[in-house]
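The values are calculated or read from the model by the stated rules, or taken from the named source; none is laboratory data. Every value quoted in this text rests on a predicted model; they were computed, and no experiment measured them. Virtual Cβ from ideal backbone geometry, glycine too; neighbours counted across all protein chains shown.
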Protein chains: 2
Amino acid sequence: MAKKNGLDEYRVPFFDEDGKSKFSLAGVDPSAKPFSTGSKDSDRERLAEIGAALDAQQERLHAQRVQRVLLVLQGMDTSGKDGTIRAVFHEVDPLGLRIVPFKAPTLNELAHDFLWRVHSQAPAAGELTIFNRSHYEDVLVPYVLGTLSKDERDRRFGHIREFERMLADHGTTIIKCMLHISKDEQRERLQARIDDPTKHWKFDVSDLDARKLWDKYQAAYEDALAATSTEYAPWHVVPANSKTHRNVMIGELLLRSFESLKLEFPPAKESLKGVIVE
Amino acid sequence: MAKKNGLDEYRVPFFDEDGKSKFSLAGVDPSAKPFSTGSKDSDRERLAEIGAALDAQQERLHAQRVQRVLLVLQGMDTSGKDGTIRAVFHEVDPLGLRIVPFKAPTLNELAHDFLWRVHSQAPAAGELTIFNRSHYEDVLVPYVLGTLSKDERDRRFGHIREFERMLADHGTTIIKCMLHISKDEQRERLQARIDDPTKHWKFDVSDLDARKLWDKYQAAYEDALAATSTEYAPWHVVPANSKTHRNVMIGELLLRSFESLKLEFPPAKESLKGVIVE
């Protein structure tokens, strides 16, 4: 990740079965704005353009009903997963979007393997699905909290790679974004929520416990990104201290993925040619 | 439905267990625009206001996680169910919206009672859910096609009333809209789709068969509306030849239902008072 001027520069190097895949978040400045167009105003204009383009792409995806697109959003508390969904998909037809939030697993979900609840929510042909948190929580949280051993976690990385490979083999384009904020930025955002009583419903004092484990979570993310960034399901690290930049970058990433699918409307139906409705 | 100047005037009279509930669609002009503000431009402004207000209401609904809101959209082909969702909910946070399309039942769905697939999609506490078609298809389509007897259908009406009563008893606000267009309007809309090859994917020649049964479907709708409009789950007939009017009226209806819930953000948490994030 030497030069930081293209989306590829923010892509986590692909996992190498033989080598020792490593990745450091220290190489990515969470305050960087490589995809900013210069000012907040012009960024917002660009975002509106991206939104309209995504809407048009989604309609073709839906019309064709062949491909599937999955966007996975991960990041520390307050990193902006909800805000991204709201801002980037504002222009996209709500009919064309399925958003799946993954919370702490229920008893029934825990009674199955960790991919069980995720698999059932995978996008169907023609669907654009967003995972708001995902199966990656299950290699981050229990590992940091010490209830999942390193060996077991590493096996899960393997399960994830094979699961995502299968989705990709069946026509799913997978885009995974880690929303990268600094520890200082998180402090400011948490404090702002605490200082606004109407935002208290959004969290609990116990949410501050995860912040105390910040370094462990960052290291766990580095392991997870290194082990599961693949050609068929790459991870991108998104500098996210600036909300506007975060939105534009994720929008650009998604739009380029859509464009690479070269989606077209299905051909006209001969059977409808010249039909006059009575 | 004598005077047509308020939402109540478009509400289908409540089902009366003892009387003979009847309802005629002939009394509602599909070209009427009772909720228009005067011009298309001002209607669009009003719709943007409604959208922003719905967004604010939805956030409170979500914050409180007590109430549930269910919007049911029904209508003939091309009556504008998809267009309504797109236009009315444009401003609403996609995170706060769950849209459930009901298509022809699958083999597995047919192997259960007709409410089985519907019940599993009912809104959870804090959710705003839209049914794009619904359990009403199962008292309309098979009855018109002759595969469901009148007796069996009337029993289903009873099942629907009791099912919706139970949802309402558990805190669900149910709003049901029949998008009412004229047969001429449908002809124009179908013809426009046929004349635009990029829209062919939206339908099949066999879709025209339903149009041939127009009168039977209208009568079936009248029976269904009369039998299932209740105090806890009223039907409204929405004049829908004008798309802008349709959007404004459904928006107003939904907004007034939300307002009657008097939703507030949950109170501030004492445990967060004065907390400084480190």
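Here A:Gly171 meets each of (1) over 21 Å from A:Ser134 (Cα atoms); (2) surrounded by 13 or more Cβ atoms within 10 Å (Cβ to Cβ) with one exception, condition (1).
The set of residues in the stretch B:252-278 that are closer than 18 Å to B:Glu9 by Cα and out of contact with any Ser or Thr (no Cβ under 9 Å at 6 or more places or on another chain) comprises B:Glu252, B:Leu253, B:Leu254, B:Leu255, B:Arg256. Here is the figure for the stretch B:169-195: residues that are away from chain A (no Cβ under 14 Å) and either in a helix (DSSP H, G or I) or small (Gly, Ala, Ser) (or both) total 2.
Scanning the stretch A:9-66 for residues that are of a type in the set (Ser, Thr, Tyr) and in contact (Cβ under 8 Å) with a residue 24 or more places away in the chain yields A:Tyr10, A:Ser21, A:Ser24, A:Ser31, A:Ser36, A:Thr37. Within the stretch A:21-54, the residues that satisfy the criterion of being in a helix (DSSP H, G or I) and of a type in the set (D, E, K, R) are A:Lys40, A:Asp41, A:Asp43, A:Arg44, A:Glu45, A:Arg46, A:Glu49.
Taking B:Pro239 as meeting all but one of (1) closer than 20 Å to B:Thr84 by Cβ; (2) within 14 Å of chain A (Cβ to nearest Cβ), write down the number of the exception. Condition not satisfied by B:Pro239: (2). The residue that is nearest to the other protein chains (Cβ to nearest Cβ), among those in the stretch A:201-233 that are surrounded by fewer than 22 Cβ atoms within 10 Å (Cβ to Cβ) and not in a helix (DSSP H, G or I), is A:Val205. Here are A:Ser31, A:Ser39, A:Ser79: which of them is of a type in the set (S, T, N, Q) and within 18 Å of the chain's Cα centre (by Cα)? Just a single option satisfies the conditions, and that option is A:Ser79. Is it the case that B:Arg256 is more than 14 Å from every other protein chain (Cβ to nearest Cβ), in contact (Cβ under 8 Å) with a residue 24 or more places away in the chain, under 23 Å from B:Arg68 (Cβ atoms) and of a type in the set (Lys, Arg)? It is true that B:Arg256 is more than 14 Å from every other protein chain (Cβ to nearest Cβ), in contact (Cβ under 8 Å) with a residue 24 or more places away in the chain, under 23 Å from B:Arg68 (Cβ atoms) and of a type in the set (Lys, Arg). Cβ-Cβ distance below 8 Å, separation of 6 or more or different chains: which pairs start in the stretch B:149-169 with a residue that is of a type in the set (A, V, I, L, M) and at pLDDT below 95 and end on one that is in a helix (DSSP H, G or I) and surrounded by fewer than 17 Cβ atoms within 10 Å (Cβ to Cβ)? Final answer for the pair search is none.
If the condition is being touching a strand residue (DSSP E or B) at 6+ places or on another chain (Cβ under 7 Å) and among the aliphatic types (A, V, I, L, M), then the stretch A:87-109 contributes A:Leu95, A:Leu97, A:Ile99, A:Val100. All conditions in (1) more than 22 Å from B:Phe35 (Cα to Cα); (2) within 14 Å of chain A (Cβ to nearest Cβ); (3) within 17 Å of the chain's Cα centre (by Cα) hold for B:Val275, with the sole exception of (3).
Confirm whether A:Thr198 is of a type in the set (S, T, N, Q), away from chain B (no Cβ under 14 Å) and either outside any loop (DSSP other than H, G, I, E, B) or surrounded by 18 or more Cβ atoms within 10 Å (Cβ to Cβ) (or both). So A:Thr198 fails the test.
Tell me, yes or no, whether the stretch A:187-209 has at least one residue that is touching a helix residue (DSSP H, G or I) at 6+ places or on another chain (Cβ under 7 Å), at pLDDT 95 or above and closer than 22 Å to A:Ile99 by Cβ. Within the stretch A:187-209, none of the residues are touching a helix residue (DSSP H, G or I) at 6+ places or on another chain (Cβ under 7 Å), at pLDDT 95 or above and closer than 22 Å to A:Ile99 by Cβ. Taking helices (runs of 4 or more DSSP H) as the structural unit, those lying wholly within the stretch A:55-166 and holding at least 2 residues that are crowded, with 17+ Cβ neighbours inside 10 Å correspond to A:81-88, A:116-119, A:137-144.
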